[in-house]
Amino acid sequence: MKNRVPLTIWSLITCVSVIAVFTRGLTLASRFWLNLVLAPLTIAIVVALIADLDSPSRGFIRLDQRAMQRLKADLAIQSAH
């Protein structure tokens, strides 16, 4: 929980995403629906993935903490010697 994505990074990701979507929409020569949906959908998926990885105990991607607990126990044993 200590290594969360800072609010400034979330703001930057949001600004870049909005600029990318508007730039893509304004530069399209033809208004085919797939072209209009593909870029925003891709950006939304990437942002959702970042948000899901930012909270490892909730969401679709759940990380098992047993490996970290074993590492902590091993480090405690080594430091005791």
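The values are calculated or read from the model by the stated rules, or taken from the named source; none is laboratory data. Keep in mind the model is a prediction, meaning the values are calculated, not measured. Please note: Cβ atoms are built from the backbone with ideal geometry, for glycine as well, and neighbour counts cover all protein chains shown. With ligands, DNA and RNA removed, areas are computed over all heavy atoms of the protein, side chains included. Shrake-Rupley method; radii C 1.70, N 1.55, O 1.52, S 1.80 Å.
Taken together, 32, 22, 60 contain a single residue that is farther than 22 Å from residue 4 by Cα and under 23 Å from the mean Cα position of the chain (by Cα), which is 22. Pairs meeting the criteria (first residue in segment 3-25 and under 14 Å from residue 53 (Cβ atoms), second residue open to solvent by 80 Å² or more (accessible area, probe 1.4 Å) and part of a helix (DSSP H, G or I), beta carbons under 9 Å, at least 6 apart or on different chains) are 5/53.
Among what's in segment 17-53 and is among the β-branched types (Val, Ile, Thr) and exposed (fewer than 12 other Cβ atoms within 10 Å of the Cβ), pick the residue that is farthest from residue 65 (Cα to Cα). Per the stated criteria, the residue is 27. Could we say that residue 9 is at pLDDT below 90 and open to solvent by less than 100 Å² (accessible area, probe 1.4 Å) here? So residue 9 passes the test.
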